[in-house]
1. Given the criteria touching a residue at least 24 places away in the same chain (Cβ under 8 Å) and in contact with a strand residue (DSSP E or B) (Cβ under 8 Å, 6 or more places away or on another chain), does residue 99 qualify?
2. Here are some conditions: (1) modelled with pLDDT under 90; (2) touching a helix residue (DSSP H, G or I) at 6+ places or on another chain (Cβ under 9 Å). Residue 164 meets all but one. Which one does it not meet?
3. Kindly indicate whether any position in segment 64-73 is within 17 Å of residue 123 (Cα to Cα) and touching a helix residue (DSSP H, G or I) at 6+ places or on another chain (Cβ under 9 Å).
4. Hey, among 173, 79, 88, which residue is modelled with pLDDT under 95, touching a helix residue (DSSP H, G or I) at 6+ places or on another chain (Cβ under 8 Å) and assigned to a loop (DSSP other than H, G, I, E, B)?
5. Residue 73 - would you say it is within 24 Å of residue 44 (Cα to Cα) and over 14 Å from the mean Cα position of the chain (by Cα)?
6. Checking the conditions here, which among 108, 94 is surrounded by fewer than 18 Cβ atoms within 10 Å (Cβ to Cβ), touching a strand residue (DSSP E or B) at 6+ places or on another chain (Cβ under 7 Å) and at pLDDT 95 or above?
7. Give the residue that is nearest to residue 165 (Cα to Cα), with candidates limited to residues of segment 64-91 that are in contact with a strand residue (DSSP E or B) (Cβ under 7 Å, 6 or more places away or on another chain) and surrounded by fewer than 16 Cβ atoms within 10 Å (Cβ to Cβ).
8. Just checking, how many residues over segment 44-63 are part of a loop (DSSP other than H, G, I, E, B) and either at pLDDT 95 or above or surrounded by 13 or more Cβ atoms within 10 Å (Cβ to Cβ) (or both)?
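The values are calculated or read from the model by the stated rules, or taken from the named source; none is laboratory data. All figures in this text were calculated on a predicted structure; none of them were measured in a lab. A quick note on method: Cβ atoms are made from the backbone with ideal geometry, for glycine too, and the neighbour counts reach across all protein chains shown.
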C-alpha cells in the first residue's frame, strides 16, 4: 500500500501563509459578532413571575414552577438598615420591575441564591438601578464595563446614593463593621 503525505506547510509559500493566518484568525474572532443576530450567544433567559422584592438587590421569583431567590448580578444596593438609602433603593426597584421578567442566570452565591441579571424586555434592571444611583457596582463580582460607565455617570450627576458621601455607597464595607 502506498501512502501519500501532503506537506501542508508547502502548499502555499511562506509569504502567502501569514496573510491567510491573519484572515482566518480575524474571521474566528468576528464570527460571534457577525452571527450574533442569528445564533443565541450567552446564557439562556428564563421567563419568571416576580413574587416579591426584599431590597434593592434581592427578589423572589417563580420560574417554571420553581420558587427562587435572586441576587442581582454585578450590583450591591444599600442594606435596609442604611436609612433612608436602603428603602429608597428597594422602592425604586419595585417601581421599575414588571410582574414578569426575563432572568439570565450567571451563578449561584454561597447562600444558594441565583445570581442573575433581570430584564424588562431589553432593559437590564440591574443596570438601570446603577444608572439611577440606587445601587453601586460590586467590584468584587463585576467585570462588565457597562456597569462602571453607568456608575460614573450617576456619580457625576449626584443621583441617589451619590447625592452625598457615606457608608451606603459601599454596602459591602458597611456589612463588615
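1. Taking the combined requirement at face value, the residue satisfies it.
2. (2)
3. Checked against the condition, which is being within 17 Å of residue 123 (Cα to Cα) and touching a helix residue (DSSP H, G or I) at 6+ places or on another chain (Cβ under 9 Å), segment 64-73 yields at least one hit.
4. On the way: 173 fails: assigned to a loop (DSSP other than H, G, I, E, B); 88 fails: assigned to a loop (DSSP other than H, G, I, E, B).
Only one candidate qualifies: 79.
5. no
6. Numbers: 108 fails: at pLDDT 95 or above.
Sole residue among the options that is surrounded by fewer than 18 Cβ atoms within 10 Å (Cβ to Cβ), touching a strand residue (DSSP E or B) at 6+ places or on another chain (Cβ under 7 Å) and at pLDDT 95 or above: 94.
7. Among residues in segment 64-91 that are in contact with a strand residue (DSSP E or B) (Cβ under 7 Å, 6 or more places away or on another chain) and surrounded by fewer than 16 Cβ atoms within 10 Å (Cβ to Cβ), the one nearest to residue 165 (Cα to Cα) is 80.
8. Selection size over segment 44-63: 2.
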